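Asker: Mind looking over this structure? Questions follow.
The values are calculated or read from the model by the stated rules, or taken from the named source; none is laboratory data. Note that this is a predicted model, so its numbers are computed, not measured. No Cβ is skipped: glycine too gets one built from the backbone with ideal geometry, and neighbour counts run over all protein chains shown.
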Amino acid sequence: MGTQVSYPGIYIQEFTPGAPIQGVGTSTGCFIGTALMGPNNVATQITSWDEFQSIFGGFIPPPTNSYLAPAVYGFFLNGGTVCYIVRASIGANATSDLLTRQASPQTDLVATAVQEGTVGNTISVQVTDSSRLATQLAAAGSPQTTLALAQASTGIVNFDTTATIMTVTSNTGFVAGDRVNLSNGGPAVTAMVASTQGATTIVLAGPVAGAAGLIGGTVRTDDLRPGQTSFRVVVPTGLVLSLAVPPGALISVTEGATTENVSVASSSGTTITLSTPLVNTYPMAGPSFPQIASLEFNLNITNSATGQVENWTLLSMNPLHPGYWGTVVQSKIIALSPPPSPPTGTLPDPRPKDAIYNLSGGANDDQNVARSQIVSDPGKFIDPLKPIQDIDIMAMPGITEPGPQQYLVTHCQTMFNRFAILDGVADNTPGFTLVTAQLGEVISPNGFAALYFPAIQAVNPLSGATEYWPPSGHIMGIYAQTDQSRGVYKAPANVPIAGALGLQTLMTDTDQGILNLQGINVLRVFPEQAQPLVWGARTTATIVDSDWQYINVRRLFIYLEQSIQQGIRWAIFEPNNLMLWGSLKRTITEFLNRVQASGGIQSFYVRIDSALNPPAVQALGQLYIEVGIQPTYPAEFIILRIGIWQGGSSVTES
């Protein structure tokens, strides 16, 4: 509410500005290609070449047409820091379903071979039953494998006049909180022990009906009954109950033919507390008493082809248990995972069924066939990337066919938040007709792609041989390094390509002039230096729309649009009034002032007014904001005019 104005003077009103806009990232790459191993068609983020080698296996021995490893190597070598990898593969990891113990088994867990290929078909997983409690009892020197419920029985000698203090033959074995059964040939009475005193006194929690008739009878530990959630057990010397039966443990309660499985919520001293109440009655009158056993399982994993063997013991299906399989099993042979859909129905025992499971379905990869899948069905690998918002630059190293390149360009144009780097075809024809024809297939009207030519010469670290590699990975690293050191507004050009020794095709200024004006970015080696340079900064929109002909201009607008979009999201559903308009204008202006101060733009304006937003527009729940940006263009052509000056007259060469 505004301040009420009542006297002449100056009034102060404070306003809260919108949160400052934070610039989004611009240098996260994404590569699609084939590799030695790794996740299949899953975008995996990595932050180093070492991580790529660990997950995807590094360079593929020649001969190969897979350029994913060289591209990622060049990306990090040239300053890249973060990228996603999408691996195409026809290989498969062997799997096996570990089944539940129901009459009609369902999938309890899925075992998947870590190593892709037919080698996984030689893996077996054996599930055997085990008991953490039995193991702990053996360690304590006890011959037992189970625990008996604590029980006590003694004669009733007398009651006091309040019928709450009972004199017994011996109160040994009774503790506060015990529920007891009192009888003398007639109907039994139950009561709760409040405390014990001396050696022969039990104080009950309340008066006992018919106490006089119970004198001479027996008091004993009451039966376990439905709904009960705690009980005491007999703990041998040397056993710590909380370690033997920890929270999350599955235990069985058994007496004769009656049994049920329940989960432990907590255990301490001699008392076990359950997560869910008992459903059965368990007599405590003897001569046998209910027994407690813990139910865990072991995994014996064997790869008969490699001789690898792993044993994982005392596992549980409960995440609260210290032996939970999801945190304990760190196998180098298989990966365990829950099934896509959890088992349905009642699972009295959620452990996998005791059996031997043989993995099957493993198939070897063929990088050539996998590459052909990228060419024939690029959407299979590109479309799943739509939800990943932090991808900024994309490439398919060595994929120069028009179909997948067009698909990638369309994807970037449609998403409007990422940029495609394309590799040029090998071309030594007069006038470079092949790469010129390629450009016609990958035009991006709004400048969301750039085409680079020719291939670079580099040394394969695996073989030591000199090879020609498509440049997209190295170029992407230069994009990232330029963004980080200068800003996205700086054209990623006139930069040496780290790791490049030469080029597959050498060109003159005249050669490049033809290609450059069409929108093909040429890599050059100049006489005064040996290392190739990036000598072009154009998008593939050059011949369509000159507004978007420069890479840095298009990527600057991606940066500005995404930053503003995310930075003003707080305004959605706010009242559409002058206060909101002013707050948005201040927020956007402050952000653009920062960009301008860094040299990213020359000038700008932000417009939010009633002409853009008349009442009819506001009634539709819409708010229009107009932002005009004058970007900084790269000095692509520097025309130097030099003349002879003779103290008053000059001669100019042009």
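Asker: Take segment 420-435 and flag every residue that is buried (at least 23 other Cβ atoms within 10 Å of the Cβ), under 18 Å from Ser66 (Cα atoms) and more than 33 Å from the chain's Cα centre (by Cα).
Answerer: Matches in segment 420-435: Gly424 only.
Asker: Same structure, new question: Considering segment 145-172 alone, what residues qualify as being in contact with a Ser or Thr (Cβ under 6 Å, 6 or more places away or on another chain), among the β-branched types (Val, Ile, Thr) and either within 23 Å of Asp223 (Cβ to Cβ) or not in a strand (DSSP E or B) (or both)?
Answerer: The answer is Thr154, Val168, Thr169.
Asker: Here's another thing I want to ask about it. Looking for whichever is over 22 Å from Ser66 (Cβ atoms), touching a Gly at 6+ places or on another chain (Cβ under 8 Å), modelled with pLDDT of 95 or more and not aliphatic (A, V, I, L, M) here; the options are Gln438, Gln481, Gln413, Gln457. Which one fits?
Answerer: Step by step, each of Gln438, Gln481, Gln413, Gln457 is checked, and only Gln481 is over 22 Å from Ser66 (Cβ atoms), touching a Gly at 6+ places or on another chain (Cβ under 8 Å), modelled with pLDDT of 95 or more and not aliphatic (A, V, I, L, M).
Asker: What number of residues within segment 473-514 are within 30 Å of Gln596 (Cβ to Cβ), in a loop (DSSP other than H, G, I, E, B) and either in contact with a His (Cβ under 6 Å, 6 or more places away or on another chain) or of a type in the set (D, E, K, R) (or both)?
Answerer: Total meeting the criteria: 2.
Asker: Okay, moving on. Tell me, yes or no, whether segment 328-351 has at least one residue that is outside the structural domain of Asn261 (by TED's automatic domain parsing), over 17 Å from Leu98 (Cα atoms) and of a type in the set (D, E, K, R).
Answerer: Yes, the conditions are met somewhere in segment 328-351.
Asker: Quick one: how many residues across segment 414-428 are more than 16 Å from Gln504 (Cα to Cα) and part of a strand (DSSP E or B)?
Answerer: Count: 4.
Asker: Please enumerate the residues belonging to segment 569-610 that are surrounded by 15 or more Cβ atoms within 10 Å (Cβ to Cβ) and over 17 Å from Pro20 (Cβ atoms).
Answerer: Those that are surrounded by 15 or more Cβ atoms within 10 Å (Cβ to Cβ) and over 17 Å from Pro20 (Cβ atoms): Asn576, Trp581, Ile601, Ile608.
Asker: Something else now. Among the helices (runs of 4 or more DSSP H) confined wholly to segment 45-144, which include 2 or more residues that are under 26 Å from Pro397 (Cα atoms), among the aliphatic types (A, V, I, L, M) and touching a residue at least 40 places away in the same chain (Cβ under 8 Å)?
Answerer: Helices (runs of 4 or more DSSP H) meeting the threshold: 68-77.
Asker: Can you tell me which residues in segment 316-350 are hydrophobic (A, V, I, L, M, F, W, C) and either in a loop (DSSP other than H, G, I, E, B) or closer than 14 Å to Ser263 by Cα (or both)? Spell out the reasoning first.
Answerer: We begin by selecting, within segment 316-350, every residue hydrophobic (A, V, I, L, M, F, W, C); these are 317, 320, 325, 328-329, 333-336, 347.
Scanning segment 316-350 gives Met317, Leu320, Val329, Ile333, Leu347.
Asker: Let me ask you something else. What residue, of Ile215, Ile123, Ile165, Ile202, is among the β-branched types (Val, Ile, Thr) and either on the phi > 0 side of the Ramachandran plot or under 46 Å from the mean Cα position of the chain (by Cα) (or both)? Even if it seems obvious, please write down each step before you answer.
Answerer: On the way: Ile215 fails: either on the phi > 0 side of the Ramachandran plot or under 46 Å from the mean Cα position of the chain (by Cα) (or both); Ile165 fails: either on the phi > 0 side of the Ramachandran plot or under 46 Å from the mean Cα position of the chain (by Cα) (or both); Ile202 fails: either on the phi > 0 side of the Ramachandran plot or under 46 Å from the mean Cα position of the chain (by Cα) (or both).
None of the other options fit; the residue is Ile123.
Asker: Residue under question is Glu590, and the condition is that it be free of Cβ contacts under 8 Å to residues at least 60 places away in the same chain and more than 27 Å from the chain's Cα centre (by Cα); does it hold?
Answerer: On the way: free of Cβ contacts under 8 Å to residues at least 60 places away in the same chain: no; more than 27 Å from the chain's Cα centre (by Cα): yes.
Considered against the rule, which asks whether it is free of Cβ contacts under 8 Å to residues at least 60 places away in the same chain and more than 27 Å from the chain's Cα centre (by Cα), Glu590 comes out as no.
A quick yes/no check of all residues on (1) closer than 21 Å to Thr281 by Cβ; (2) β-branched (Val, Ile, Thr); (3) at pLDDT below 95:
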residue: Thr162; (1), (2), (3): no, yes, yes
residue: Ser170; (1), (2), (3): no, no, no
residue: Gly186; (1), (2), (3): yes, no, yes
residue: Thr196; (1), (2), (3): no, yes, no
residue: Val219; (1), (2), (3): yes, yes, no
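Asker: Determine whether segment 386-408 contains at least one residue that is free of Cβ contacts under 8 Å to residues at least 40 places away in the same chain, out of contact with any helix residue (DSSP H, G or I) (no Cβ under 8 Å at 6 or more places or on another chain) and assigned to a helix (DSSP H, G or I).
Answerer: Checking segment 386-408: not a single residue is free of Cβ contacts under 8 Å to residues at least 40 places away in the same chain, out of contact with any helix residue (DSSP H, G or I) (no Cβ under 8 Å at 6 or more places or on another chain) and assigned to a helix (DSSP H, G or I).
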